Amino acid sequence: MSPVDLPAGVGSGRTDAAPLLRVRGLKKSFGSNRVLESVDLAVGPGRVLALIGPSGSGKTTILRCLNGLELPDGGTIEVAAAASADADTGQGRGSTSTAVVVDFAAKTSPKQLAALRDRSAMVFQLYNLFPHKTVLQNVIEGPVVVQRRPLAEVTAEALALLERVGLTNKRDSYPFELSGGQQQRVGIVRALALRPQLLLFDEPTSALDPELVGDVLRLIKELADEGWSMVIVTHELEFAREVAHEIAFVDGGTIVEHGDPKQLLRHPQQERTRQFLYRLLNPF
Amino acid sequence: MIQPDWELFVNSLWPLLDGAVRGTIPLALASFAIGLVLALVLALMRLSSKRALAAIARGYISIVRGTPLLVQLFVIFYGLPSIGVLIDPWPSAIVAFSVNVGGYAAEVIRAAILSVPKGQWEAAYMIGMSRNRALTRIILPQAARVSVPPLSNTFISLVKDTSLASLILVTELFREAQQIAAFSQKFMLLYLEAALIYWVICLILSTGQGFLEKRLDRYVAR
Ligand SMILES: Nc1ncnc2c1ncn2[C@@H]1O[C@H](COP(=O)(O)OP(=O)(O)O)[C@@H](O)[C@H]1O
Ligand SMILES: [Mg+2]
């Protein structure tokens with residue numbers, strides 16, 4: 001039995017709650033390049049899963065599949081119905097949402113991908129802010145134009161979010177006027193404003209100058225403490241250990257090993273994990 | 001040395017400018033506007049996953065770019081009547097120039113759309129946009145900014161190319177010059193005067209282009 005075939009898979013650290021996200025047997029090839037062999041993972045509500053692994057191992061592809069940006073060749077992705085408790089915290093899209101279950105072995109409609117995309121919001125490695133829109137416009141675009149929520153309400157919410165990340169005075173600036181760290185905080189605010197059930201971070205700090213990394217990581221940690229459910233791809237092991245409830249090591253398109261962050265980082269069970277951690281901690 | 005006939009120069013200025021204002025400029029503006037719409041449609045067809053659409057657009061662009069504008073103009077004005085399609089000089093000129101601009105600008109717009117980083121599509125999809133909405137709200141505004149310099153060049157070329165319309169009897173700047181020259185027999189003076197006015201118009205346009213580029217350049221994703 002491989003580690004991922006354990007009864008509940010990744011995310012089973014806490015068994016009292018049904019997982020918010022459950023992925024089974026996710027497969028993806030680009031032409032003849034099999035990028036995801038078979039990925040199983042689960043994220044409970046309010047839990048943080050960190051994905052670590054060498055470059056090219058498929059981490060970004062996993063996130064992109066979760067966000068419906070990539071069409072997997074097989075496997076299932078399930079997102080549970082938004083719990084009604086989320087409505088109180090302003091998280092999630094309210095208690096009315098139903099569960100989304102997509103089986104990629106069958107033919108998948110664009111509608112299903114859109115439904116999947118609806119539940120999660122992604123923070124990109126290179127921020128991907130819209131350069132022709134101001135900070136505020138970047139944040140309200142999705143809620144207003146796509147979700148058709150009232151402009152006044154969305155704007156108030158967006159301003160509150162910008163306030164909290166200390167960017168109120170940049171509301172009318174354009175992305176090119178911001179530092180990388182500020183852009184990434186806007187990227188996070190843009191994701192939050194969508195009121196997703198699940199936040200996806202793809203190496204959110206790897207494009208930042210070292211002195212700007214701290215602000216962004218601190219913000220993500222705060223969000224984790226507030227109970228947002230997240231999947232974070234990161235090379236910041238220290239951060240992953242502190243913030244994540246679970247770490248999964250991805251290599252060659254599968255999850256080689258997963259478990260409690262402190263356990264996994266200190267006593268990796270698999271040779272590949274050990275080698276990866278050794279190289280990361282001893283770059284030269 | 002022949003003394004320039006300054007009186008004729010000054011007296012011709014008004015008819016030539018009149019030709020520019022009532023012929024050259026509206027002809028260029030109308031053809032450019034129609035041509036741009038055509039170009040956008042062609043560019044989107046070229047980028048479409050439907051092979052037939054892409055092939056039609058590719059064929060159109062290839063023909064337009066592979067044949068002289070003068071020939072296109074003559075086919076429409078002098079050729080079509082022989083198969084029973086009679087079009088007046090002005091509409092003929094506008095059709096020919098629009099068709100031509102459509103072919104050239106389509107490639108400019110296509111390249112501009114492709115130059116928008118893939119991450120912009122992804123961010124648009126991520127916030128829940130459909131393909132069409134991503135295109136109109138996120139991609140095209142950025143592509144438009146990238147297109148400004150090359151499209152300005154297309155427009156400046158077009159302004160000069162409208163002089164060809166004189167050959168299908170459209171009254172514009174150059175035809176005015178031809179007529180005065182034929183009457184006064186001062187060919188050098190009149191054609192140089194026409195050249196001077198084209199040059200001034202193009203100078204004004206390139207200055208405008210410079211301003212526009214400066215303003216728009218900043219908001220482009222890199
Ligand atoms: N759109 C794509 N087309 C072709 N190959 C891709 C594409 N996206 C990713 N890949 C390939 O998939 C593999 C995994 O990529 P990725 O998921 O980005 O890895 P990671 O994020 O772990 O570095 C790489 O070999 C990469 O070249
Ligand atoms: Mg990656």
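Quick one: which residue in A:GLU203, A:GLU236, A:GLU246 is within 16 Å of ligand 2 (Cβ to nearest atom) and open to solvent by less than 40 Å² (accessible area, probe 1.4 Å)?
On the way: A:GLU236 fails: open to solvent by less than 40 Å² (accessible area, probe 1.4 Å); A:GLU246 fails: within 16 Å of ligand 2 (Cβ to nearest atom).
Sole residue among the options that is within 16 Å of ligand 2 (Cβ to nearest atom) and open to solvent by less than 40 Å² (accessible area, probe 1.4 Å): A:GLU203.
Which one is surrounded by the most Cβ atoms within 10 Å (Cβ to Cβ), of the residues in the range A:183-200 that are more than 16 Å from ligand 2 (Cβ to nearest atom) and not in a helix (DSSP H, G or I)?
So, considering only residues that are more than 16 Å from ligand 2 (Cβ to nearest atom) and not in a helix (DSSP H, G or I), the one surrounded by the most Cβ atoms within 10 Å (Cβ to Cβ) is A:PRO196.
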Every residue from the range B:51-97 that is hydroxyl-bearing (Ser, Thr, Tyr) and touching a Phe, Trp or Tyr at 6+ places or on another chain (Cβ under 8 Å) = B:SER92
Pick from the range A:41-56 the residues that are assigned to a loop (DSSP other than H, G, I, E, B) and within 16 Å of ligand 2 (Cβ to nearest atom): which of them is surrounded by the most Cβ atoms within 10 Å (Cβ to Cβ)?
-> A:GLY53
Applying the selection to the range B:1-50, what residues are more than 28 Å from B:ARG175 (Cα to Cα), open to solvent by less than 40 Å² (accessible area, probe 1.4 Å) and assigned to a helix (DSSP H, G or I)?
-> B:ALA39, B:LEU42, B:ALA43, B:MET45
What number of residues within the range A:96-115 satisfy the criterion of being more than 11 Å from every other protein chain (Cβ to nearest Cβ) and assigned to a helix (DSSP H, G or I)?
-> 1
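Conditions tested, residue by residue: (1) under 25 Å from B:CYS202 (Cα atoms); (2) touching a helix residue (DSSP H, G or I) at 6+ places or on another chain (Cβ under 9 Å).
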| position | (1), (2) |
| --- | --- |
| B:GLY19 | yes, yes |
| B:SER31 | yes, yes |
| B:ILE34 | yes, yes |
| B:VAL41 | no, yes |
| B:GLY59 | no, no |
| B:LEU69 | yes, yes |
| B:PHE77 | no, yes |
| B:PRO81 | no, no |
Subset of the range B:115-144, residues more than 17 Å from B:ASP217 (Cβ to Cβ), more than 7 Å from chain A (Cβ to nearest Cβ) and either open to solvent by less than 10 Å² (accessible area, probe 1.4 Å) or not in a helix (DSSP H, G or I) (or both), comes to B:ALA124, B:SER130, B:ALA134, B:ILE139
Which residues, counting only those in the range A:129-182, are surrounded by fewer than 20 Cβ atoms within 10 Å (Cβ to Cβ), touching a residue at least 24 places away in the same chain (Cβ under 8 Å) and among the polar types (S, T, N, Q)?
-> A:THR134, A:GLN147, A:SER173, A:SER179
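In this structure, does A:VAL10 turn out to be at pLDDT below 95 and open to solvent by 40 Å² or more (accessible area, probe 1.4 Å)?
no
The values are calculated or read from the model by the stated rules, or taken from the named source; none is laboratory data. In this text, all values refer to a predicted model and were calculated from it rather than measured experimentally. Here the Cβ is made from the backbone with ideal geometry for all residues, glycine too, and neighbour counts use every protein chain on show. Heads up: the accessible areas ignore ligands, DNA and RNA and are worked out on the full protein's heavy atoms, side chains in. Shrake-Rupley method; radii C 1.70, N 1.55, O 1.52, S 1.80 Å.
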